[in-house]
Amino acid sequence: MMKINNKFFNVSILLIGAAFSLSACSGMKTEAKYPTSANRKANNDGNKIYSKDSIFGKEGMKVFGGKGKNKSSSAQGDMGVNSFLWRATLDTVSFMPLASADPFGGVILTDWYTDPKTPNERVKINAFVMERELKADGIRVRTFRQELKRGVWRDANVSEDTARKLEDAILTRARQLRISHLAD
């Protein structure tokens, strides 16, 4: 009688099961379990219906490239956040060196900036674009300040108004960008 290697048999079964599971997922057409404003729409009766939207985007995950539909949205593009808030944030912090900018996650991190007028002080900004819509609570800004004392940079207090004023400036610029976009 033929002797089967138990380890090889278990791994083979596991791989075959995984392959079937993945192939079964490709044809699934399910509605969003937890609807968001991004996947909510109304039908002709005024009732809310939900479109398919997954963590892999509207077209799903493409493992081997595949041919996708070329869809474009006039204001949103392929960004994960509101493009007006994103552009306005970049415009507002443009005088500072950027450390990181992620348009899909909506995170903009600046590097330390020293104003030539105050060489013993430097500031840093972390901005988070939170929404796909242009709303007042769609942007969060965190500010950091350090002072040079005895040759060492030390954290210093930042006025609570500073972050709010930056958020207001970003929102004002985002509204200007939106108005100019609508005028085009």
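Structural remarks
- Hits in the range 140-162 (condition: surrounded by 14 or more Cβ atoms within 10 Å (Cβ to Cβ) and of a type in the set (S, T, N, Q)): Thr143, Gln146, Thr162
- In this entry, Val141 is excluded by the filter for residues that are out of contact with any strand residue (DSSP E or B) (no Cβ under 6 Å at 6 or more places or on another chain), at negative phi and at pLDDT 95 or above.
- Meets criteria (assigned to a strand (DSSP E or B), in contact (Cβ under 8 Å) with a residue 12 or more places away in the chain and in the same structural domain as Ala88 (by TED's automatic domain parsing)) for Thr143: yes
- Test: residue in the range 111-129 that is assigned to a strand (DSSP E or B), surrounded by fewer than 15 Cβ atoms within 10 Å (Cβ to Cβ) and within 27 Å of the chain's Cα centre (by Cα): yes
- Matching residues, the range 153-174, being touching a strand residue (DSSP E or B) at 6+ places or on another chain (Cβ under 6 Å) and farther than 14 Å from Val123 by Cβ: Glu167, Ile170
- Tabulated pairs, the range 102-116, first at pLDDT 95 or above, second assigned to a loop (DSSP other than H, G, I, E, B) and surrounded by 12 or more Cβ atoms within 10 Å (Cβ to Cβ), C-beta under 8 angstrom, 6+ apart or interchain: Ile108/Val93; Thr110/Val93; Thr110/Met96; Asp111/Met96; Tyr113/Met96
- Test: Ile179 is at pLDDT 95 or above and either outside the structural domain of Asn126 (by TED's automatic domain parsing) or in a helix (DSSP H, G or I) (or both): no
The values are calculated or read from the model by the stated rules, or taken from the named source; none is laboratory data. Small disclaimer: the values here were computed from a predicted structure and weren't measured. So basically every Cβ, Gly included, is an ideal-geometry build from the backbone, and we count neighbours across all protein chains shown.
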